[in-house]
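The values are calculated or read from the model by the stated rules, or taken from the named source; none is laboratory data. Keep in mind the model is a prediction, meaning the values are calculated, not measured. Heads up, the Cβs are rebuilt from the backbone with ideal geometry, glycines too, and the neighbour counts pull from every protein chain shown. SASA here: full protein model, heavy atoms, side chains in, ligands and nucleic acids out. Shrake-Rupley method; radii C 1.70, N 1.55, O 1.52, S 1.80 Å.
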Amino acid sequence: MTSAEPKPFFATSPADPRSPFVRTAELLAGIAPGRTPINLSVGEPQHPVPDFVGPILAAHVASFGRYPLGKGTDRFRAAAAGWLAQRYALSRMPDPSSEILALCGSREGLFLAALAARRFVGPRAGTPAILTPNPFYAAYPAGAEAAQCEAVYLPATKETGFLPDLDALDADLLARTVAIYFGSPSNPQGAVADLAYLSQLIALAQRHGFLVFADECYSEIYTREPPPGILQVAGPDFAQVVVFQSLSKRSNLPGLRVGFAAGDRRFLAAFLDLRNVVAPQVPVPAQEVAVAAYADETHVAENRRLYARKFDLAEDIIGARFGYRRPAGGFYLWLDVSGAGGSEAATVKLWREAGLRVLPGRYIARDQVDGTNPGANYVRVALVHDEATTTEALHRLVGALG
């Protein structure tokens, strides 16, 4: 990079600071797709928007003329707290007035939480660090960098069940940790942590004085058992634990931009102070849609059924190729393409020969200290399209990669 070029603020790899989607677009630039394109790279739900959304927005359209409260309406926070209590085996329902905070989707909340955490946690024993699984959701390391913390990448590989190995964390690192980002179901692998794992994570946080930021936005997409939530084992005051949720995946509403944070009331008070200065508020009509969405499980069950059917197709069409296993949650395939030359070579081949756009695993992971990259031999495939398109895409994938 020359002095004339602006320095990018965030980096998703030490060698290339661009988003994984920009990098993928540049990787494929100038290459003609071999067939009519199908985009499987973006985790944007394509199932129908629930029927109740339009009428509710219309009924509350006048509220677009007012600034909403940063913390969210009373109705929204009560609905979110009630849903958490209904969905999970909690020791008590979160207090809507102090333990729920409205977000414009989970992404901005996850990012800004790092800034609030740096001040909330206070001085650390060494360079402040924020831990993130590797591969990762890009908002995690972006938040760490914005908070001027060292982002420490924890391998989440097949050998560790696609979850970070908590036993491998040494005391010196934990003593300087501000927060750890953690996703269950994880993106991209679809791994789900059990209650024992979640309890161990909380115990480490409470012993060493850092926060756990639990990204549970894929919690309602599963084909077997409902994934447990970290608030189930967080204790009666949810100390040092914050959960992030969203309607994007659960209710097929990625464009509505509604989510919430729940948990430690002391942190959420500090987080609200920051958000009142820098964060966008959630429009009241959108919050009213969320109230209805959290009260209705019918559309969620149908959504889950549609994803389950597509995983059935993956099992039939892919079989045991590419190390495929049905994930415990989420809607991604995490396919081992080492036999096709690795993530970038396979991505190019799929585009050139089959018209399929997937996401190279290398672009959502970082090189570790030993030089290995947990995503280098994988591609992420989002099963977000209708059944017919998904069937076509999976047959093309197998035809191109064998």
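Of note:
- Residue 394 being buried (at least 21 other Cβ atoms within 10 Å of the Cβ), touching a Ser or Thr at 6+ places or on another chain (Cβ under 9 Å) and either in contact (Cβ under 8 Å) with a residue 40 or more places away in the chain or of a type in the set (Val, Ile, Thr) (or both): no
- Residue satisfying all of: in the stretch 16-44; open to solvent by less than 50 Å² (accessible area, probe 1.4 Å) and closer than 24 Å to residue 185 by Cβ; modelled with the lowest pLDDT among these: 19
Residue-wise test of (1) more than 21 Å from the chain's Cα centre (by Cα); (2) open to solvent by 10 Å² or more (accessible area, probe 1.4 Å).
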| residue | (1), (2) |
| --- | --- |
| 334 | no, yes |
| 337 | yes, no |
| 347 | yes, no |
| 351 | yes, yes |
| 354 | yes, no |
| 361 | no, no |
| 367 | no, yes |
| 373 | no, yes |
| 376 | no, yes |
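Let's see how each residue does on (1) out of contact with any Pro (no Cβ under 7 Å at 6 or more places or on another chain); (2) among the basic types (Lys, Arg); (3) under 14 Å from residue 268 (Cα atoms):
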residue	(1), (2), (3)
55	yes, no, no
65	yes, no, no
68	no, no, no
72	yes, no, yes
76	yes, no, no
79	yes, no, no
82	yes, no, no
93	yes, no, no
107	yes, yes, no
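- Close pairs from the stretch 285-297: first within 19 Å of residue 69 (Cα to Cα), partner basic (Lys, Arg) and open to solvent by 20 Å² or more (accessible area, probe 1.4 Å), Cβ under 6 Å, at least 6 apart: 291/75
- Taken over the stretch 220-235, the criterion of being part of a loop (DSSP other than H, G, I, E, B) and open to solvent by less than 40 Å² (accessible area, probe 1.4 Å) is satisfied by 220, 221, 222, 227, 228, 229, 234, 235.
- Residue within the stretch 195-205 that is touching a strand residue (DSSP E or B) at 6+ places or on another chain (Cβ under 9 Å), outside any strand (DSSP E or B), under 16 Å from residue 162 (Cβ atoms) and open to solvent by less than 30 Å² (accessible area, probe 1.4 Å) present: yes
- Any hit, the stretch 256-269, residues being assigned to a helix (DSSP H, G or I) and under 11 Å from residue 102 (Cα atoms): yes
- Of all the listed residues (155, 164, 123), the sole one being open to solvent by less than 30 Å² (accessible area, probe 1.4 Å) and either under 21 Å from residue 218 (Cβ atoms) or not small (Gly, Ala, Ser) (or both) is 164.
- Residue within the stretch 172-184 that is more than 21 Å from residue 231 (Cβ to Cβ) and either free of Cβ contacts under 8 Å to residues at least 40 places away in the same chain or among the aromatic types (Phe, Trp, Tyr) (or both) present: yes
- Taking the listed residues 142, 113, the one that is part of a helix (DSSP H, G or I), open to solvent by less than 20 Å² (accessible area, probe 1.4 Å) and under 21 Å from residue 202 (Cβ atoms) is 113, with no other qualifying.
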